[in-house]
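Below is one structure, written out as structure tokens, with a few remarks after it.
The values are calculated or read from the model by the stated rules, or taken from the named source; none is laboratory data. Computed from a prediction, not measured in an experiment: that's the story for all the values here. Cβ coordinates were reconstructed from backbone atoms using ideal geometry, including for glycine residues, and neighbour counts include every protein chain displayed. For the accessible areas, the whole protein counts, side chains as well, though only heavy atoms, and no ligand, DNA or RNA atoms are used. Shrake-Rupley method; radii C 1.70, N 1.55, O 1.52, S 1.80 Å.
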Amino acid sequence: MSRYSAAEIEAKWQQAWDTAGIFRARRDATRPKYYVLEMFPYPSGRIHMGHVRNYTMGDVVARYKIATGHNVLHPMGWDAFGMPAENAAMASGGHPKDWTYANIETMRAQMKPLGLSIDWSREFATCDPEYYGQQQALFLDFLDHGLVYRKNAVVNWDPVDMTVLANEQVIDGKGWRSGADVERRELTQWFFRISDFAEELLGALDTLDNWPAKVRLMQENWIGKSRGLQFAFGLIDGLEGHDRIEVYTTRPDTLMGASFIGISPDHPLAKRLEAECADVAAFCAEARKGGTTAEAIEKAEKLGFDTGLRVRHPFDTAWELPVYIANFILMDYGTGAIFGCPGHDQRDHDFARKYDLPIIDTFLPLEGAHDIHATPYVPLKSERVRYTRLVAGEEIQTGEAGVETAIDFCEAKGVGQGVTKFRLRDWGLSRQRYWGCPIPVVHCDTCGVVPERKENLPIRLPEDVSFDAPGNPLDRHPTWAACTCPRCGAPARRETDTMDTFVDSSWYYARFTAPHAATPTDMAEAEYWMNVDQYIGGIEHAILHLLYSRFFARAMQITGHLPAKAIEPFDALFTQGMVTHSIYELTHNQVDTGIAGSGPEADTKFEEYRRSETRLPTYLFPEDVIEFTDSFGEKKALKRSLVETNEGISINTQMLESAWLREFEAGTEVRIIPSAKMSKSKKNVVDPSTIIAQYGADTARWFVLSDSPPERDVEWTAAGAEAAHRHLSRVWRLASEIAQSDAPANPEDETLLREMHKCIDDVTKGIDSFGFNAAIARLYAFTNTLAKSQAGQAAKSTAARTLAQLMSPMTPHLAEDVWSMLGGENLVTIAPWPVADPQMLIDETVILPIQINGKRRAEISVPADLPESEVEKIALAHDAVVKALDGAQPRKIIVVPGRIVNVVL
RNA sequence: GCCCGCGUGGUGGAAUGGUAGACACAGGAGACUUAAAAUCUCCAGGCCCUCGGGCCGUGCCGGUUCGAGUCCGGCCGCGGGCACCA
């Protein structure tokens, strides 16, 4: 072999790792353990570049930790339940199970050539009965400990598909598949008591030092702790059982600005009135119709219905306020009722104007006047306000302190009490779907809801199901639900709901520590391997997945499935960016624009045409496109097919340009839309398998790490991949040249070895801090140094072997090949990580820039250990300094050893 | 509406308060070659220049400092999260 052949060496070294079994993780008390985990993939069909980036980062960490003497656990599995499998079954008639396992096969086969340091013996899919059976066991233990319960809940119900929809599946109030008007229905569902842990989940965020601040903040906002006052308005002429309305407010300091009471259409009082009055019933029905999506909420008009009921203000019994049922009040936050304060709240203000209610200002602004009735209405920020008129003659300060003062004031007057509320609600886990983990309970006519016995687990999904009718196939299965009551033995019926797939991913990290255990976890294994030392995944899971996992870790501890130390399961979290790519949009023939040629007018017309609804964009795959830079330095793209007809003839820029111009005039040019998330519909995707076949896995790995910081998006470009491959070829070539060289030792050796130690230091720091792009830049620089070095063979060989070690986390196959080529012992993967010699990091002479008044004016070369006073002398003697001083004495001289000299005039 | 983050060459991006632009892409010049590919060498923030160098420059304005891309305050722009949450 005389040149770098990725295909050859990658197969060879993967085989070698396999044979050596070095990625098998076993407990070992003699070495520190390290558990690195990437968020496991959903088996959608094929892997994409985002996967490659994610797993490569995890692999860099894993391999680095192996080299630094850790006992590494690096597992992989499949988040395999979920709707796409059912959708595929509905679309093409197959079975979700077959679809899923076939995808897993394909993706595993695509993943293995990446050369990841994965312990494949621990692989599982969440749809394996061995896994979901243990999940059912967990559920039963949670049930036992009161961590899961049943209650009625309002859900989005698709009457055609006969299923519950998630909020994201409701588009403009219609089901995303059926297009039917979505109804709000009350169903009995299972819930995890995550809200009981709100305070704990919030407080513990402070302990997660190695999580991105952004993620912690997002969780904090999601949990949404608020402090306020809960109190009641007494009803005048109340109904039986309803003599008061409880409200919650975070702004008790604005209590004197109250002008109405609003209650949710789902409030018990509203429901009571609904039963008695057709008008109320009609209003409530209409109000409940509104979708729960962001857009629906944005557009929705604030509507109210005056119930005719009146309440008394707690601080002034003569003050009567009307009670409205309003469509913007949520039943599941606070008490489902509010007091409206139009002077200090945008929504209440809109509402008050619409229904002609009083708008009362309770603030005394610090400066200037505040017109509460101005149009447009500008709510006054409390920081700019001094006092609030809480009660005539008694004023309190506003702001955060003001809220506490107001609460104290109200409590002292016997009006309500201060309470803390959370936005976080219990986690509804019931799904009316087939392809999920069956909820292991039985409904018995005499015993009610009865937990299944553990010895009957797993409750397996039936295989003979059909997807040709809407609804849940488990529901209409002829025999599956039929069972006997575990308590009384009478005929009973199984629960046909399955679990939310977020449940599956909430504990898989724990299962990886003992994937074949007969219980959900094995405490000895969990004690050894937990926690995950480094977790890596997309920011899109910042809230739900990570919060649910944190809840599960706590619940599993309570139920004895995880040790105390695993209360926070992920010690460190890294959220990586996406892989993006330009989009190539093929413009259509522009006949109907009526404009030919170019110029601003044509451009405007063309823009209009581009945006017209009738025109559907057509996209081209990157491999069907040739990019080039025209003579004006602008990036252009051409259909590859147009160029390939010219095969055999050399193609220059001029030819590409004229071809492009012809296309442009025909109105069929390829437009380049810059960098966007890879998406099949836009065709801006690059298949990892194609890249691996073309360049090898190391090139793909190197490129996804090299161009951008890991937390940011990286743009995949053909040129970039090409360049990465060129560099790896160069390293390989360099190594083989060194292997054959016989250059004798010489004075250059020392210089090269010093550079090598600096490189070790920089790369080690880079990997330690997730600065993979910086580490790679450093490796480029060192390769350049090595290539130009005149050092002897021995020194160059040492340098190249070290280069191989430093590259091995990123490009492990190439590294092994270089290592063995240069006589490295055993496998580079298990060779101890090189350590920089501190002596070698210190240069004998340093170049110090000299600043005059903070501006760089000259530089001097001095011995590194020269005392400051000597450096000062040399600097003062420098021509530039002498000239600037012009005989005068400097006011001050700052010498930063090894860094800089600043002379202040 | 509330909360958070980010603005550096043509591009991606480097830079513990200490020489801004490392490294790479795209670009330019050259060597080798019949030619191409491959490879190698060199140039490259902007503006001036007497070829020594000079001036400007990290979104804008101000501040702290001997020294600011970095710290502080205020704008402008972009991006993200949450959201009829009372």
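Observations
- Its residue count N sets the reference 2.2 N^0.38 Å, and the alpha-carbon radius of gyration of segment A:181-311 equals 1.38 times that reference.
- Note, ³J(HN,Hα) from phi for segment A:851-864, Karplus 6.51, -1.76, 1.60, rounded to Hz, x at Gly and Pro: 9, 10, 6, x, 10, 5, 10, 7, 9, 10, 10, 9, x, 4
- Exposure rank, largest accessible area first [A:C488, A:C759; 1.4 Å]: A:C488, A:C759
- Distance in nm between pseudo-label sites at A:V643 and A:S226 (7 Å out along the Cβ direction from Cα): 5.8
- Cross-link reach is defined here as a Cα-Cα straight distance under 22 Å, omitting same-chain residues fewer than 8 places apart; for A:K682 the lysines meeting it are A:K635, A:K636, A:K639.
- Probe 1.4 Å - accessible area at A:Y333, Å² to nearest ten: 80
- If R0 is 41 Å, the Cβ-Cβ spacing of A:R671 and A:D181 corresponds to a FRET efficiency of close to 0.55.
- Potential extension, A:Y333-A:S5 segment - 0.36 nm per residue separation minus Cα distance: 111.8 nm
- Between A:D98 and A:A693, the C-beta separation translates, for a Förster distance of 41 Å, into a calculated FRET efficiency of about 0.90.
- Heavy-atom accessible area per residue - segment A:514-594, 1.4 Å, Å²: 31
- For segment A:496-501, putting each phi into the Karplus relation 6.51 cos²θ - 1.76 cosθ + 1.60 with θ = phi - 60° gives couplings of 9, 6, 10, 8, 3, 5 Hz, in residue order, rounded to whole numbers and with x for Gly and Pro.
- Cα centroid of segment A:830-865 to Cα centroid of segment A:673-750, whole Å: 30
- Exposure check, 1.4 Å probe, all protein chains in place: A:W319 carries approximately 60 Å² of accessible surface.
- Accessible area per residue for segment A:793-905 is 52 Å², calculated with a 1.4 Å probe on protein heavy atoms, without ligands, DNA or RNA.
- Accessible area of segment A:796-848 belonging to carbon and sulfur atoms, whole % at 1.4 Å probe: 53
- Magnitude of the charge dipole for segment A:19-161, about its Cα centre and with charges confined to Cβ atoms of Lys, Arg (+1) and Asp, Glu (-1), is about 760 debye.
- Calculated FRET efficiency for the pair A:R453/A:A16, C-beta based, R₀ 35 Å, to 0.05: 0.10
- In sequence order, calculated HN-Hα J values of segment A:307-319 (Karplus, 6.51, -1.76, 1.60; Hz; x Gly/Pro): 6, x, 6, 10, 10, 9, 5, x, 9, 7, 5, 7, 8
- Label-zone membership for segment A:115-159, site A:T484, 7 angstrom Cα→C-beta point, backbone N under 20 Å: none
- Only one residue of A:H443, A:L728, A:A337 has its Cα farthest out toward the positive end of the dipole of chain A, where Lys and Arg carry +1 and Asp and Glu -1 on Cβ, and that residue is A:L728.
- Contact order, relative form, for chain A: 13 percent (alpha carbon pairs under 8 Å, 6 or more residues apart, mean separation divided by residue count).
- Most to least accessible of A:R122, A:R662, A:R244, A:R288 (protein chains only, probe 1.4 Å): A:R662, A:R244, A:R288, A:R122
- In chain A the Cα-Cα distances spread across 10 Å bins starting at 0 as 2, 9, 14, 17, 18, 17, 13, 7, 3, 1, 0 percent of all pairs.
- Accessible-area order (highest first, 1.4 angstrom probe) of the listed residues A:T100, A:T30: A:T30, A:T100
- Whole-number percent relative contact order across segment A:842-905, with pairs defined as alpha carbons under 8 Å at least 6 apart: 39
- Length added when fully stretched, A:S631-A:D316, from 0.36 nm per residue minus Cα-Cα: 105.3 nm
- Using a probe of 1.4 angstrom and keeping all protein chains present, the accessible surface of segment A:615-719 works out to 55 square angstrom per residue.
- Value at 222 nm in deg cm²/dmol, rounded to 500, when DSSP H runs of n ≥ 4 in chain A each add -39,500 (n - 2.57): -11000 deg cm²/dmol
- Within the accessible area of segment A:74-152 (1.4 Å probe), percent carbon and sulfur: 50
- In Å², nearest 10: area of A:D237 left accessible to a 1.4 Å probe: 130
- Solvent-accessible area, 1.4 Å probe, carbon plus sulfur percent, for segment A:403-442: 44
- Magnitude of the charge dipole for chain A, about its Cα centre and with charges confined to Cβ atoms of Lys, Arg (+1) and Asp, Glu (-1), is about 740 debye.
- Comparing A:A278, A:T690, A:W157 along the charge dipole axis of chain A, the residue lying farthest to the positive side is A:T690, per the Cβ-charge model.
- On full extension, the segment bounded by A:V154 and A:A781 gains 219.6 nm, given 0.36 nm per residue less the C-alpha separation.
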